[in-house]
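Quick notes on the structure that follows.
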Amino acid sequence: MPKARVILARVIDVVSGDIITKKGLYKRLPFIVYVFFLMNLYIIWCLMVEDKMAQIRKNDAVIEDLKIEYYQKELTLTGLNQKSKIEILLNNNGLYELKAPQNPPQRILANHAK
């Protein structure tokens, strides 16, 4: 039973604050406060990093959605780039007089007068 009383006495000293005066911890109090401050700073820093990582994950999801949307639009525009599709769209919109050129495009060279 004496061990239990010693342990109980030490716990009571810690809880009541007598350990600071009995053991001379008041001399080491600035260091204890400094260590406590560093621990709090570390915890806050870790929480901020977790918030940033969560934001990065959200941004990655948005980027993936935008990539999918981009590829869908690119596929649609690539399909519209075909000659037959353009002619169908022109006919549907009532532009019957527009026809594809029969001759391929030619380069026109202009001579600059000096």
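The values are calculated or read from the model by the stated rules, or taken from the named source; none is laboratory data. Bear in mind that the values here come from a model prediction, so they are computed numbers and not experimental data. Neighbour counts run over all protein chains shown; Cβ positions are idealised from the backbone, glycine included.
Would you confirm whether or not the stretch 89-103 contains a residue that is among the basic types (Lys, Arg), at pLDDT 85 or above and either over 30 Å from residue 17 (Cα atoms) or more than 39 Å from the chain's Cα centre (by Cα) (or both)? Break it down stepwise before answering.
Kept after step one, since they are among the basic types (Lys, Arg), are these residues of the stretch 89-103: 99.
Within this subset, residues satisfying the condition of being at pLDDT 85 or above are none.
No, the stretch 89-103 contains no residue that is among the basic types (Lys, Arg), at pLDDT 85 or above and either over 30 Å from residue 17 (Cα atoms) or more than 39 Å from the chain's Cα centre (by Cα) (or both).
Of the residues 23, 27, which single one is under 30 Å from residue 6 (Cβ atoms), of a type in the set (D, E, K, R) and loosely packed, with under 10 Cβ neighbours inside 10 Å?
27
Consider only pairs whose beta carbons are under 6 Å apart and that are at least six residues apart or on different chains; among these, list those whose first residue lies in the stretch 85-114 and is assigned to a loop (DSSP other than H, G, I, E, B) and whose second residue is surrounded by 10 or more Cβ atoms within 10 Å (Cβ to Cβ).
98/90
Rundown of residues vs (1) in contact with a strand residue (DSSP E or B) (Cβ under 8 Å, 6 or more places away or on another chain); (2) assigned to a helix (DSSP H, G or I); (3) more than 30 Å from residue 8 (Cβ to Cβ); (4) modelled with pLDDT under 95, yes/no style:
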residue: 19; (1), (2), (3), (4): no, yes, no, yes
residue: 39; (1), (2), (3), (4): no, yes, no, no
residue: 44; (1), (2), (3), (4): no, yes, yes, no
residue: 47; (1), (2), (3), (4): no, yes, yes, no
residue: 51; (1), (2), (3), (4): no, yes, yes, no
residue: 59; (1), (2), (3), (4): no, yes, yes, no
residue: 66; (1), (2), (3), (4): no, yes, yes, no
